[in-house]
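Asks: Right, I'll just put the structure down here and ask away after.
The values are calculated or read from the model by the stated rules, or taken from the named source; none is laboratory data. Quantities reported herein were computed from a predicted structural model and do not represent experimental measurements. Backbone-built Cβ (ideal geometry, glycine too); neighbour counts: all protein chains shown.
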2 protein chains.
Amino acid sequence: MPNNEKLKIGVDIGGTNLKFGIVNREGKILAKCSYKFDKTISSTEVVKGLGIEINKFLVTNKIDKKDISGIGIGCPGSIDSTKGICDYSNNLKFNNAPLVDLIEKTTGLKAKAANDANVACLGEARFGSGKNYQNIVFLTLGTGVGGGLVLNGKIYEGKDGKGAELGHSIIELNGRKCTCGRRGCLETYASATALIKDTKEAMKKHPESHLWNYVENDIDKVGAKTAFSVASEGDKTAIEVVNNFIYYLGEGILNFINIFKPDIVLLGGGVSYQGDSLINPLNEYIKKAHYGFGDSPKVSVAVASLGNDAGIIGASCLID
Amino acid sequence: MPNNEKLKIGVDIGGTNLKFGIVNREGKILAKCSYKFDKTISSTEVVKGLGIEINKFLVTNKIDKKDISGIGIGCPGSIDSTKGICDYSNNLKFNNAPLVDLIEKTTGLKAKAANDANVACLGEARFGSGKNYQNIVFLTLGTGVGGGLVLNGKIYEGKDGKGAELGHSIIELNGRKCTCGRRGCLETYASATALIKDTKEAMKKHPESHLWNYVENDIDKVGAKTAFSVASEGDKTAIEVVNNFIYYLGEGILNFINIFKPDIVLLGGGVSYQGDSLINPLNEYIKKAHYGFGDSPKVSVAVASLGNDAGIIGASCLID
């Protein structure tokens, strides 16, 4: 089988789950596998275990290794894609984990690795909402604000693969304290974590708000969608929380628009599931506050379309 | 003469001056010409006039057009480099000016055009402080804060050549009013204009400051270097102005470091002439507030080295 017809394997290493799939040239997942991994064992054991699972999966699915052109790996944290090493990952305790080397030795297949948000961005660029675009800014709104960049059609990673930390650009001098050590990072205003915190604070100030009814008076039940849901019913406090969130995120996105003037800005992660109730006011805000006014090309924000499969499909795109 | 030995012409269109030079393959200017142009005439006349000047200059210097591989043009404002058009330029009133077309017709030589800050960044990347680096963030600290990006060894321009507006990313929500319409843009804190304004305001609050002596009690004499000069003499007010400026610029640069993780950040424009008294405290601040701490590669800030020639040399780099 010529190389440009061969299948590829995409691996998505998550905080608790490992997923991988066989992906064809059209970005379709033909078969996939997902399992929880033991976080108490070493990264070497985790990655070797992954290689063994891939070997078994290929046998079970009667796929010959000759028909696979390689394994792409998306991993959270700081990935040196040139060396194929995960330098560090807060969530995984993967320190100096030689991902590519271990997978290549265990499977006998060629492998490549990159940061998970970058990989998801690449997947969207090839087969998702970013299809046919050359320059894409990708933000994942989850626990933090992750970033991915595809520039001139390729993942942009920066020195030692440490770039695209879009959530760690500040929008407020001496603003909210960030886990990274700075103050005022976009992440502290526009992540799901920040939205939940802001919702809870607004509730404490407004005992009359319907937000309380929505969570059955249990503030611990507040999630990223709480404010959006209650705002749609017309609750003043919830509307204010949502509007502030749109303002923070909108200002952050406008920064990236002025810096990159990309073809599109894509949003993934938990908060992006709000769909139109997030995207429509965001696009309105951005149109209004856009630099260069009439002369500047309009850049739109859209939801990433590959959802949970973005990791596997994107990782497979690392392989030619 | 084979193409890779031919000379090139670099053009630097400024606010009031037009400069061009014959540049060799090593980035050396062999001969140059500079003249003021009439800002009341149309952009077509300006650019045609430039073509005629180039023709004359080649004759005077006995250079055969066969030995020139092309003309690169750096122009302020919004340049569509694919079409070779200056869409708009605040300073020049160049609206939809077909730079490349006019120059090619007048000279019979091939031409290319790009934004002046991008072109200066490219020059620094090939022959200046950014030599041998692949990823460079370039900031010009002048009337505004201009931006240039070389990513993966090439100018990054974004959609319709409108990207790299680095000065128009905010560092303060609802902060200082910017000419672009937004509030809190880096430009309103870290340009020469902002530094002069902050120096004047500090003087008004502190009639005892030596800043007054330095400008002979004439506040209109305050320039971008005033605060730096007086701070070096130990004046408290001047030191505070300088420290604030370092803080603002440092936070802005840290944003770009986290976004791009470039090989180097280069500073040009008026304020950069302060040299070490600007660069040393900036690098200290950045080392302290760096994201990722020990694990992240250190990124340094340096002064661009081509100075006034960056425009001509950089523009010539647009030509192969």
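Asks: Just for the range A:192-221: of the residues that are free of Cβ contacts under 8 Å to residues at least 60 places away in the same chain and small (Gly, Ala, Ser), which one is nearest to B:Ile286 (Cα to Cα)?
Replies: Looking only at the range A:192-221, we keep the residues that are free of Cβ contacts under 8 Å to residues at least 60 places away in the same chain, and these are A:193-194, A:196-221.
Cutting the leftovers down to small (Gly, Ala, Ser) gives us A:194, A:202, A:209.
On the way: A:Ala194: 26, A:Ala202: 35, A:Ser209: 44 Å.
The selected residue is A:Ala194.
Asks: Right, next: Residue check: is B:Gly311 within 13 Å of chain A (Cβ to nearest Cβ), part of a helix (DSSP H, G or I) and of a type in the set (Gly, Ala, Ser)?
Replies: No, not satisfied.
Asks: Something else: With the condition being without any contact (Cβ under 8 Å) to a residue 24 or more places away in the chain, I'd like the strands (runs of 3 or more DSSP E) fully within the range A:1-86 carrying at least 1 qualifying residues.
Replies: A:17-23, A:29-36
Asks: Then there's this: Within the range A:222-278, how many residues turn out to be in a loop (DSSP other than H, G, I, E, B) and over 30 Å from B:Gly77 (Cβ atoms)?
Replies: Of the residues in the range A:222-278, the ones in a loop (DSSP other than H, G, I, E, B) are A:222-225, A:232-235, A:261-263, A:269, A:275.
From the residues that got through so far, the ones that are over 30 Å from B:Gly77 (Cβ atoms) too are A:222-225, A:232-235, A:269, A:275.
So the answer is 10.
Asks: Hey, A:Val119 hits all of (1) β-branched (Val, Ile, Thr); (2) outside the structural domain of A:Cys185 (by TED's automatic domain parsing); (3) surrounded by fewer than 23 Cβ atoms within 10 Å (Cβ to Cβ) but one; which does it fall short on?
Replies: (3)
Asks: Look through the range A:116-158, keep the residues that are touching a Ser or Thr at 6+ places or on another chain (Cβ under 7 Å) and in a loop (DSSP other than H, G, I, E, B), and return whichever of them is modelled with the lowest pLDDT.
Replies: Here the residue is A:Thr143.
Asks: Do any residues in the range B:239-262 that are away from chain A (no Cβ under 11 Å) and of a type in the set (D, E, K, R) have Cβ atoms under 7 Å from those of residues that are in a helix (DSSP H, G or I) and surrounded by fewer than 24 Cβ atoms within 10 Å (Cβ to Cβ), where the two are at least six apart or on different chains, and which pairs are they?
Replies: B:Glu240/B:Ala202
Asks: Pick from the range A:50-62 the residues that are within 14 Å of A:Gly108 (Cα to Cα) and surrounded by 15 or more Cβ atoms within 10 Å (Cβ to Cβ): which of them is nearest to the chain's Cα centre (by Cα)?
Replies: Per the stated criteria, the residue is A:Leu50.
Asks: I would also like to ask the following. Any idea which of (1) more than 24 Å from B:Asn135 (Cα to Cα); (2) outside any loop (DSSP other than H, G, I, E, B); (3) touching a strand residue (DSSP E or B) at 6+ places or on another chain (Cβ under 6 Å) is the one A:Asp198 doesn't satisfy?
Replies: The failed condition is (3).
Asks: When you go through B:Gly163, B:Gly153, B:Gly184 one by one, which is the residue that is small (Gly, Ala, Ser), out of contact with any Phe, Trp or Tyr (no Cβ under 8 Å at 6 or more places or on another chain) and within 9 Å of another protein chain (Cβ to nearest Cβ)?
Replies: Just a single option satisfies the conditions, and that option is B:Gly184.
Asks: Mind checking whether some residue in the range A:107-115 is at pLDDT 95 or above, in a helix (DSSP H, G or I) and within 18 Å of A:Ile9 (Cα to Cα)?
Replies: Yes: the range A:107-115 contains one or more residues that are at pLDDT 95 or above, in a helix (DSSP H, G or I) and within 18 Å of A:Ile9 (Cα to Cα).
Asks: With respect to B:Lys177, is the statement that it is in contact with a Lys or Arg (Cβ under 8 Å, 6 or more places away or on another chain), modelled with pLDDT under 90 and either of a type outside the set (Asp, Glu) or more than 29 Å from A:Arg176 (Cβ to Cβ) (or both) true?
Replies: Working: in contact with a Lys or Arg (Cβ under 8 Å, 6 or more places away or on another chain): yes; modelled with pLDDT under 90: no; either of a type outside the set (Asp, Glu) or more than 29 Å from A:Arg176 (Cβ to Cβ) (or both): yes.
When the stated conditions are applied, B:Lys177 does not pass them.
Asks: On to the next question. When the residues of the range B:263-277 are filtered to those that are among the hydroxyl-bearing types (Ser, Thr, Tyr) and either surrounded by fewer than 21 Cβ atoms within 10 Å (Cβ to Cβ) or free of Cβ contacts under 8 Å to residues at least 24 places away in the same chain (or both), which remaining residue is nearest to the other protein chains (Cβ to nearest Cβ)?
Replies: Out of the qualifying residues, it is B:Ser277.
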